[in-house]
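Read the figures in this text as sums done on the coordinates, not as results from a lab. Source: prediction; values computed, not measured. Quick reminder, even Gly has a Cβ in these numbers, built from the backbone with ideal geometry, and neighbours come from all protein chains shown.
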Amino acid sequence: MEVEDTFCEVFDGRFVRLIVTASDFKRLKRAVYSSTALPSTVFGEAEGGLERWLGTDETPDGRKGAIIQIWVNDKGDSKEVLEFELSKRIRQGILVVPTTSIFNALESELTIDIWDRVGHCGDGYEWEEERFGRNVINIPLMMGEFLIERNLGVKNGFMGGNVWFYCDSIEHAIEIGDRAVSAIEDVEGAITPFDICSAGSKVETNYPEIGPTTNHPYCPTLRGKISDVKVPDGVRSIPEIVINARTIEEIKIAMREAIKAVDSMDGLLGISAGNYGGKLGSHRIYLRAL
């Protein structure tokens, strides 16, 4: 199995880290996946992901839970962008799911006061109280109450670490991608906002009005149709696993664990990573140095 002599680019981000709880796993899963779906930081919005599931002994209210992260690019008014984008995902992805609650999971001097953008979903009938040793907003709902810790920690982190797997079929690519994502779930602080990403993207595009387009030199179905194809012989599918984390070291650990997890799997022909000549991220992680 060849590991290419290349690197992935990592860029700066800003994120919140939340504990979501619910009365049962069906409701919890719905809230987690709804609030972290649609990665779209490249469009100036937010992206998110599941860090890990929590047992009842790991949550403030003693219920089933999960840690999720929501991210934006760290440029311009990133804190204000994060507050706006976070509030949408909470209001539409979590608050509307019965029995859910949210607690802060990130110690930081910098915080977002969620009163105006989420608390006012109570239309002025919300109130603040202490519950489970935390200051929470209690929002009355038609199905009971929604609790959210008022101040949510914000920190800087790193986004866009990635690893590619050259595979001999789509079927093997899915198996390999699933194994890699599962390995990353065991790395504290890391998330995979796209799970297995089937697209890949590039900086240059013929259609800037729609944002990034497919990374065409690495599309196996274009072999024989374009002159600048870069797909190695025998490769039929290239899943990309994108990683965000609190530190560069956590991204490196996640990449290393993903590679170790898929070693010797059927259908794996090689390992690479996506980079853009330094045009996207200011940090580099070299595969062979892992």
Handout entry: Residue (of Phe84, Thr100, Val118) at the positive-pole extreme of the stretch 10-151, dipole from beta-carbon charges
Key = Thr100
Problem - Extension gain (nm, one decimal) between Tyr276 and Glu109, 0.36 nm per residue minus Cα-Cα - result: 56.7 nm
Practice task
List every residue whose amide H lies under 5 Å from the amide H of Gly13, counting only residues 5 or more places away in sequence or on a different chain, with H placed 1.01 Å from N in the peptide plane.
Solution key: Asp74, Gly157, Phe158, Met159
Practice task
Give me the distance in nm between label points sitting 7 Å out from Cα along the Cα-to-Cβ direction at Thr213 and Leu38, one decimal.
Solution key: 2.4
Handout entry: Residue-wise HN-Hα coupling along the stretch 41-46, computed from phi with Karplus coefficients 6.51, -1.76, 1.60 (Hz; x: Gly, Pro)
Key = 4, 5, 9, x, 10, 10
Handout entry: His120, His172 arranged by Cβ crowding within 10 Å, fewest neighbours leading
Key = His120, His172
Problem - Pairs of Cα atoms farther than 22 Å apart, the stretch 12-155, % - result: 32
Handout entry: Rounded to whole Hz, the Karplus (6.51, -1.76, 1.60) HN-Hα couplings of the stretch 157-167, x for glycine and proline
Key = x, 9, 10, x, x, 7, 9, 10, 10, 7, 10
Handout entry: Efficiency of FRET between Ser227 and Ser264 - r from beta-carbon atoms, R0 35 angstrom, step 0.05
Key = 0.50
Handout entry: Sorted peptide list for 101-110, 203-212, 153-162, criterion being average Cβ within 10 angstrom, highest first
Key = 153-162, 101-110, 203-212
Practice task
In a Gaussian network model over the chain where Cα atoms closer than 10 Å are linked, find which of Ser35, Ser227, Ser201 has the largest mean-square fluctuation.
Solution key: Ser227
Problem - Principal-axis tilt of helix 170-184 within the chain, Cα atoms, nearest 10 degrees - result: 50
Handout entry: Label-reachable residues, the stretch 93-123, where backbone N falls under 20 Å from a point 7 Å from Lys26's Cα toward its Cβ
Key = 93-101
Fill in the blank from the handout: A student asked for the Cα radius of gyration and Dmax of the chain in angstrom ought to give 20.2, 65
Exercise for the section: Could you calculate the contour length gain from Glu4 to Asn156, that is, 0.36 nm times the residue separation minus the distance between their Cα atoms, to one decimal place in nm? Expected result: 51.7 nm
Handout entry: Dipole in debye (nearest 20) - the stretch 132-290, about Cα centre, beta carbon charges: Lys, Arg +1; Asp, Glu -1
Key = 600
Exercise for the section: May I ask you to sort Val136, Val81 by Cβ crowding, counting other Cβ atoms within 10 Å and putting the fewest first? Expected result: Val81, Val136
Exercise for the section: With runs of 4+ DSSP H residues as the only contributors, calculate the mean residue ellipticity of the chain at 222 nm using -39,500 (n - 2.57) per run, divided by the residue total and rounded to the nearest 500. Expected result: -6500 deg cm²/dmol
Fill in the blank from the handout: Among Lys155/Lys230; Lys88/Lys202; Lys29/Lys230; Lys79/Lys279; Lys230/Lys279, the pairs whose Cα-Cα distance exceeds 31 Å are Lys155/Lys230; Lys29/Lys230
Fill in the blank from the handout: FRET efficiency (Asp186, His120; Cβ distance; R0 30 Å; to 0.05) is 0.20
Exercise for the section: Please give the contour-minus-distance gain from Glu129 to Ser198: 0.36 nm per residue of separation, less the Cα-Cα distance, rounded to one decimal in nm. Expected result: 20.3 nm
Problem - Principal-axis tilt of helix 248-262 within the chain, Cα atoms, nearest 10 degrees - result: 60
Practice task
Could you pull out the trypsin sites (Lys or Arg not before Pro) across the stretch 192-290 that fall in loop regions by DSSP (anything but H, G, I, E, B) with no more than 15 other Cβ atoms inside 10 Å?
Solution key: Arg223, Lys225, Lys230, Lys279
